[in-house]
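First the structure, in the form of structure tokens, and then the observations on it.
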Amino acid sequence: MKRFGILILSTASLLVGTVLLTFLIQTELNDYADKRDEIVDVLNAEDRLGNLWEWIPLSGVGEEKVEEWHELERQADGFYDSAITFSYYLLVVVGVYVLINLLVYKSSEERLRVYGFVMLFSALSFLYLGLNTPFLEIEAFKDDISARIPIKADFLGIEIDEEISTAVEGRVYFLYQNKSVLQLIKLLYTGGNIPVAIIILIFSILFPAIKLITSIFLLTYPKGKKAKSIVNLINKIGKWSMADVMVASIFLAYFSFSNMNVGVDTGSSTLIGLYFFLAFVVLSIFSGAFIKRFIQKNYEEQS
């Protein structure tokens, strides 16, 4: 056990740092999502376009909405920036963890096993965030919607037949979606798209769980009879690691543009959750490579 002392101690430290920073990142992103939802509620198309006061010039209603919108945007950006900052801290913690173990066990006979554990635990540091934080944001909106209102009247024998130009100031939202992988699965399932939900569930949760369990088994019991078969299974699973992101992106793009109207502006952007999941996938690939080499080495020693 002494030969793995640094690994155990550093892994315990990684666990503490990961849990703390994950909580902070998740909290900031939840606040960000709440603020974005507030913005959409304030600038909701149905409420704004159906409010007569919004169309009346100099009523001040539109200006108040715009001011509230900008303030909520500022707050939302602040929460997201804080999440980014904590994410950099997490990246540093994982980087230090990897570097320490790479250096300490560089000349050790168990370096391949240690490196496999290190990459595996590093990958797991990003898995929860990859599944639970938003990875794609889509929106449909229109800025400063204008209209011409016809006015017909008879005033003191004078017929009035004119059109008055008016507008709803600021942005009006028709659609907004901000989803994590798990939220997307729930949305798909409740929306009747059960096959797609099952596919994403398999690729984003079931496959990583299988890979985690089998990897721990291989590193703990490398001389088991089924070791090489399990390595082949891990390699096959790893090839499909990004499939859920692709399927989810296609669905959200379809969901977005199938609800668009002509003349409505659309926007989409990747959020931090995608990069957390990408980090998990890349580190998992590295862990699989070290595990494969470790198993091959043990097989050669037994031959």
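Readers should treat all values here as calculations from the given coordinates under stated rules, not as data from a laboratory. The shown structure was predicted, so the numbers you read here are calculated from the model rather than taken from an experiment. Glycine gets a Cβ as well: all are built from the backbone with ideal geometry, and neighbour counts include every protein chain shown.
Would you point out which residue out of Glu54, Glu73, Glu68, Glu63 is loosely packed, with under 14 Cβ neighbours inside 10 Å and of a type in the set (Asp, Glu)?
Values: Glu54 fails: loosely packed, with under 14 Cβ neighbours inside 10 Å; Glu73 fails: loosely packed, with under 14 Cβ neighbours inside 10 Å; Glu68 fails: loosely packed, with under 14 Cβ neighbours inside 10 Å.
From the options Glu54, Glu73, Glu68, Glu63, the qualifying one is Glu63.
Just the residues that are β-branched (Val, Ile, Thr) and either outside any helix (DSSP H, G or I) or under 19 Å from Ser268 (Cα atoms) (or both), please, taken from segment 33-47.
Of everything in segment 33-47, those that are β-branched (Val, Ile, Thr) and either outside any helix (DSSP H, G or I) or under 19 Å from Ser268 (Cα atoms) (or both) turn out to be Ile39, Val40.
Residue check, Tyr88 against (1) under 30 Å from Leu15 (Cα atoms); (2) surrounded by 13 or more Cβ atoms within 10 Å (Cβ to Cβ), all met but one. Which one?
Status for Tyr88: all satisfied but (2).
Residue check: is Ser10 assigned to a helix (DSSP H, G or I), under 24 Å from the mean Cα position of the chain (by Cα), closer than 30 Å to Phe117 by Cβ and in contact (Cβ under 8 Å) with a residue 60 or more places away in the chain? Walk me through it before giving the result.
On the way: assigned to a helix (DSSP H, G or I): yes; under 24 Å from the mean Cα position of the chain (by Cα): no; closer than 30 Å to Phe117 by Cβ: yes; in contact (Cβ under 8 Å) with a residue 60 or more places away in the chain: yes.
Taking the combined requirement at face value, the residue does not satisfy it.
Could you run through segment 1-50 and say how many residues are of a type in the set (A, V, I, L, M), more than 19 Å from Lys142 (Cα to Cα) and surrounded by 19 or more Cβ atoms within 10 Å (Cβ to Cβ)?
Of the residues in segment 1-50, 6 are of a type in the set (A, V, I, L, M), more than 19 Å from Lys142 (Cα to Cα) and surrounded by 19 or more Cβ atoms within 10 Å (Cβ to Cβ).
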